[in-house]
Every structure is written in C-alpha cells, then in structure tokens.
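Engineer: Take this structure first; my questions come after.
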Amino acid sequence: MKTTIKINPTKNKDGIFSQNIIIFHASKSLSGDLFLNEKEREYIQKEFKKDQEIVSLNQLGRFVYIVNVKDEKDKNKAAEDIRLLGDKLQALVKDETTVHVLFTIEDKEKALLLTEGLALANYTFTKHKSNPKPNKLENIYLSNHNEIKKDLAELVNTVDAVYLTRDLINEPFSHLTAKELADSAVQSGKKHGIKVTVFNKKKIESLKMGGLLAVNKGSIDEPTFTIMEWKPKNATNKQPIILVGKGIVYDTGGLSLKPTANSMDLMKTDMGGAGTVIGAMQAIATNKLDKHVIALVPATDNRPSGNAYAPGDVITMHDGTTVEVLNTDAEGRLVLADALSFAKKYNPELVIDLATLTGAAVAAIGHYGIVSMHENAIEEHAQLKKAGAETHERLAEMPFWSDYNELIKSDVADIKNLGGPHAGAITAGKFLAHFADFPWIHLDIAGPSYTKAKYGYRGKGATGMGVRLLYQFIKNRA
Ligand code: BES
Ligand code: ZN
Ligand code: ZN
C-alpha cells in the first residue's frame, strides 16, 4: 500500500477537517490551539504532567491526538524516539484514509521525523492476498509551511525508496527470479533517470565471473549482473562511490542443503543486499544528490541439481583467483567477490557492499543493527557510522585483524570459501577483502534486513534497513 504525503494548506483553520488530526507539541506552546477549547487544553496539560506521550480527544466525528515530546539531550536518540511515536500514532490512525499533522515552524524537524515514522510504519505487503486488507491510511497532510517543501519532498522520495526495497525483499522467489530482480532495477532506472545495464549469462561468461557462474550452475534460471549508474552533471566526486548488493534470489544452500524449517523458509530474502542498493539508488536519484554513484548487483538463485557446483570443487574467479568451495551454502561471498573485482575498472573512491551474508552476524548482534568491517576506509567508516547513528541504522564494527586470514587458507587453491566454526561473519569479510583493492566497507545485514516480529516503524517482514543509511551517508559526504 502506497502512502502519499502531501502538504495541505492550513489557511482555512475553522473546523475544516473532518479527519483525524495530530497536533505536535514540543513542550513550549501548544500549536493548533484553534482546534481545542479551554477544557480540552486543561485536560491535555494534566495528562502531559503524568508523562503521557500521546493524548487522544474524541471530538465527535474526528479524533485529535496531541503529541508530547520529552526533552532528550542525545540528538540521535531524540530523533528515533519521535520516529517511534510516529509508529504508535500509525496504530491509532490506520483505519482512516487521511490524517493531518499540524505543527508550528519551530517544530519542523520533529514533525518531519514523526511523519517519517508514521509513513514507514504504514507499509503492508498484501499483493498476494485474495482479499487484501491493507491499512486504509493513504494521505498524510502537513501544515503548509513554505520552509518544509524541500524537506518533505526528500522525505517522500526516501520513504518510497524504502517501500521499494521492502517490496523486493518480501517478494517470494516464485515471483522474483534473477531476471525479475534485474527488471525491477531497469524499471526504477527508467522512471528516475538512472542508467541501467543488465548483463546476461553469455556476457557473464565472457567476463569469466566464475563465482556467479558456479553458484548459478544448479539453477534452471540464468544469472544476471546489473549495473545502475547515477552520474549527475554537477557531481562533486571524480571517482565514483560503488554500492554492491548480494542478489541471491533464493538460497537453498545448494548441495550443502539447508535444513528446511526455520532456515530455508525465509531464504527469498537473500537478495536483501541487492534490494537495499536498488532502493538506495532510487533515493539518491529522486533526491538528485550531486554524487556519482554506481550500484552492482550479481544475481542468481542457489540450488542443487545434477549440474550443481559441489563441495570440493575449485573454481576460478573473475580476477583469476582460484577458490576451493568447501560449502556451497557460502555462496554469497562468491557472487560478491566477482562484483568487487569488477568494480576495480571504475577506479572507485569507495566501495560498500551489503549482504545477508552470515548467520554468524545474526548470532553476534541480532536484528538491531548492521555488522560492519572495512579496509583502507577508516574515515569513510566513521562517516558511515555517524550516518547510522543519525538514521538509527547503526553499525557494529567487528575486529578485522590480519590473523583471520589464516582461516581461509586452502591446501589446493588460493583461498577457500569456508572459514571454520568461529568468527563466521569476519572470515566471510576476509574472503571478500581478498578481492577489494580500494577503500572498502562490508555490511552484513543478515540480521536487520528482515524481522519475524514487528520492530517499531520497520514493521514485520522486510525492514528496508540500509536504504536510509546509505542515502544519509552519501548526502552527508562533502
Ligand atoms: N544466506 C545465508 C546467510 C543468512 C543466514 C542470511 C540467516 C539471512 C539469515 C548465507 O548464504 C549462508 O548460508 N551462510 C552460511 C555460511 C556458512 C556455510 C559458512 C551461514 O551463515 O551459516
Ligand atoms: Zn548460503
Ligand atoms: Zn545466502
């Protein structure tokens, strides 16, 4: 269900609204006084004194919700608290088609955060239901302050991009093959002025992308390799920033087959990295950021068949490295490695890859953040961490000592795709680092990309985590 966010004129204030109203109140003056009588105002103050965050009033025919924001010194925590209030409000207004958010201009930033939480919480994925019951809420109107027009357009574009990412990740494999994933990038590109090129199997073979081809061997569908390029005339960076996303549209584990229950059921989400970079590219393009950014998406499903690659195989990667495959379920690193070595030809200033790469990352920090590691990118990683704190898409950095390289040494090939029982997220990262000879950051989003239980405004199912992070990081970059 798409939520549109529109600015509504508030010139005509005398009871024109028959719909729900949210009045934003940031501890000083009570805005939207016109909608409240003396008695109501007294009641509200009394409730606020009791630390109520949201006070509801039934005004016969409509509800008014007055939101009270507590003082919080930590700016990032304050922002997240307000987004979460937006989520709480969504639960209260979701059965009406329209809601008005009223605020005074001093509360501009807070009102936008509230709207962000409200809009992100309103997402539902109902396309495969015969009788879909999406939330009714379609319009969020905001006070018509001229000063917020630009910020609001940016918010709408970013929410749309998060919705796109969630749609892609929630879409089952039966409806999203590697080809269909590439098509979705083409579609977004056409609409928003991003140049998109899709390599087919023949082209991938001619490029000798041995990792992507090995994983694809057991599939009945062809692999794709998608390149999205946003290169505005006013780009301030000479060398591009490259985003790489793992596009495993379904991961059975291959011949190293996963057990079905609880591990294979959700493996339609194994293109989470790809979905996230496609969404981030859309956010970057629709908001016309002045940065040259390229996304690379290697995509295939991973499944067993008579022709599938097998544990013990040695394969030759795009850059010539030989890899001993000891577990066909460690497939993400193989397709990503080819994309990383392909990225060299662009002479990038920074490469960030995103992948639902390891169960070990989930075991380490759960769903609440993104596991990160990096090489030759200390400053860039610090900037990304800052963007993570701002968007509440936080990074947890792993140690990345050279000692871990021991664990991926192979007796028969240059390296192996399996690291052993410990530090699985890190050894996967070390495997990738072998193919990255530029400033590089690896983000393992296996935990936060998808949740079984509702997680605030991120909802239930695909969260879209990573889109706002990447967008904010690139926007912040000088
Ligand atoms: N796609 C999985 C990782 C994953 C796990 C994503 C849980 C989302 C939720 C990945 O391809 C995988 O199977 N990794 C293995 C690697 C192991 C065989 C070295 C893992 O983490 O168990
Ligand atoms: Zn796997
Ligand atoms: Zn996988």
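The values are calculated or read from the model by the stated rules, or taken from the named source; none is laboratory data. Quick caveat: nothing in here was measured; it's all calculated off a predicted structure. When we count neighbours, we look across all protein chains shown, and the Cβ atoms used for this are built from the backbone with ideal geometry, even at glycine. When the accessible area is computed, the model is the full protein with side chains, heavy atoms only, and any ligands, DNA or RNA have been set aside. Shrake-Rupley method; radii C 1.70, N 1.55, O 1.52, S 1.80 Å.
Engineer: Work out the charge dipole of the chain with +1 on the Cβ of Lys and Arg and -1 on the Cβ of Asp and Glu about the Cα centre, then indicate which of 299, 216, 334 is farthest towards its positive end.
Structural biologist: The Cα lying farthest towards the positive end belongs to 299.
Engineer: Ok, one more. Would you mind giving the three semi-axes, in whole Å and largest first, of the ellipsoid equivalent to the chain according to its Cα gyration tensor?
Structural biologist: Those come to 44, 21, 20 Å.
Engineer: Using Cα-only point scatterers and the Debye equation, what is log10 of I(q)/I(0) for the stretch 31-110 at each q in 0.21, 0.27 Å⁻¹, rounded to two decimals?
Structural biologist: For the requested q values the scattering log ratios are -1.18, -1.57.
Engineer: Then there is this: How far is helix 272-286 tilted off the main Cα axis of the chain, in degrees rounded to 10, range 0 to 90?
Structural biologist: Helix 272-286 sits at roughly 50 degrees to that axis.
Engineer: Between beta-carbons, use under 13 Å as the cut-off and find the net charge around residue 399, counting Lys and Arg +1, Asp and Glu -1.
Structural biologist: -2
Engineer: Follow-up question, since we're still on this one. Which order, highest average first, do 115-124, 431-440, 389-398 follow once you tally other Cβ atoms within 10 Å for each residue and take the mean per peptide?
Structural biologist: 115-124, 431-440, 389-398
Engineer: So if R0 is 25 Å, what FRET efficiency would residue 77 and residue 45 give, r being the distance between their Cβ atoms, rounded to the nearest 0.05?
Structural biologist: 0.45
Engineer: Put +1 on the Cβ of every Lys and Arg and -1 on every Asp and Glu Cβ in the stretch 379-478; which of 461, 405, 428 then has its Cα farthest towards the positive end of the dipole?
Structural biologist: After comparing all options, I get 461.
Engineer: Straight-line reach from residue 344: which lysines fall under 16 Å, measuring Cα to Cα and dropping same-chain residues less than 8 apart?
Structural biologist: Correct list for residue 344: 208, 238.
Engineer: Given the pairs 50/70; 231/268; 149/386; 385/454; 217/268; 201/268, which span a C-alpha to C-alpha distance of over 23 angstrom in this model?
Structural biologist: With Cα atoms farther than 23 Å apart: 231/268; 149/386; 385/454.
Engineer: Ignoring any ligand, DNA or RNA, what whole percent of the accessible area of the chain comes from carbon and sulfur when the probe is 1.4 angstrom?
Structural biologist: 51 percent
Engineer: Counting heavy atoms of the protein chains only and a 1.4 Å probe, report the per residue accessible area for the stretch 59-194 as a whole number of Å².
Structural biologist: Using a 1.4 Å probe on heavy atoms only, each residue of the stretch 59-194 averages 47 Å².
Engineer: Based on the mean of other beta carbon atoms within 10 Å per residue, what is the order of 443-450, 249-256, most packed first?
Structural biologist: 443-450, 249-256
Engineer: List, largest first, the extents of the alpha carbons of the stretch 75-158 along their principal axes, each in whole Å.
Structural biologist: Sorted largest first, the three principal extents are 45, 27, 22 Å.
Engineer: Follow-up question, since we're still on this one. Please state the charge dipole magnitude for the stretch 276-378, taken about the Cα centre, from unit charges on C-beta atoms (+1 on K and R, -1 on D and E), reported in debye and rounded to the nearest 20.
Structural biologist: In total the dipole reaches around 320 debye.
Engineer: Taking Cα atoms, how many degrees apart are the long axis of helix 178-192 and the longest axis of the chain, rounded to 10 and kept between 0 and 90?
Structural biologist: 50 degrees
Engineer: Rounded to the nearest 20 Debye, what is the dipole magnitude of the chain about its Cα centre when Lys and Arg each give +1 and Asp and Glu each give -1 at the C-beta?
Structural biologist: Magnitude of the dipole: close to 1220 debye.
Engineer: To continue, here is another question. Run the Debye formula on the Cα coordinates of the stretch 126-220, all scatterers equal and no solvent, and tell me log10 I(q)/I(0) at q = 0.12, 0.14, 0.19, 0.21 1/Å.
Structural biologist: Results for the stretch 126-220 at q = 0.12, 0.14, 0.19, 0.21 Å⁻¹ read -0.64, -0.79, -1.12, -1.22.
Engineer: Given points 7 Å out from each Cα along the Cα-Cβ axis, report the residue 6 to residue 130 separation in nanometres with one decimal.
Structural biologist: 3.5 nm
Engineer: Further question on the same structure: Pop the C-beta distance of residue 382 and residue 179 into the FRET formula with R0 = 56 Å and round what comes out to the nearest 0.05.
Structural biologist: Computed FRET efficiency for residue 382 and residue 179 comes out at 0.90.
Engineer: Report, in degrees rounded to the nearest 10, the 0 to 90 angle that the Cα long axis of helix 75-93 makes with the longest principal axis of the chain.
Structural biologist: Roughly 70 degrees between the two axes.
Engineer: Now, a different point. Helix-derived [θ] at 222 nm for the chain: sum -39500 (n - 2.57) over DSSP H runs of at least 4, divide by residue count, nearest 500?
Structural biologist: Using -39500 (n - 2.57) per qualifying helix, the result is -10500 deg cm²/dmol.
Engineer: Separation between the residue 322 and residue 412 pseudo-spin-labels, each 7 Å from Cα along Cα→Cβ, expressed in nm?
Structural biologist: 1.0 nm
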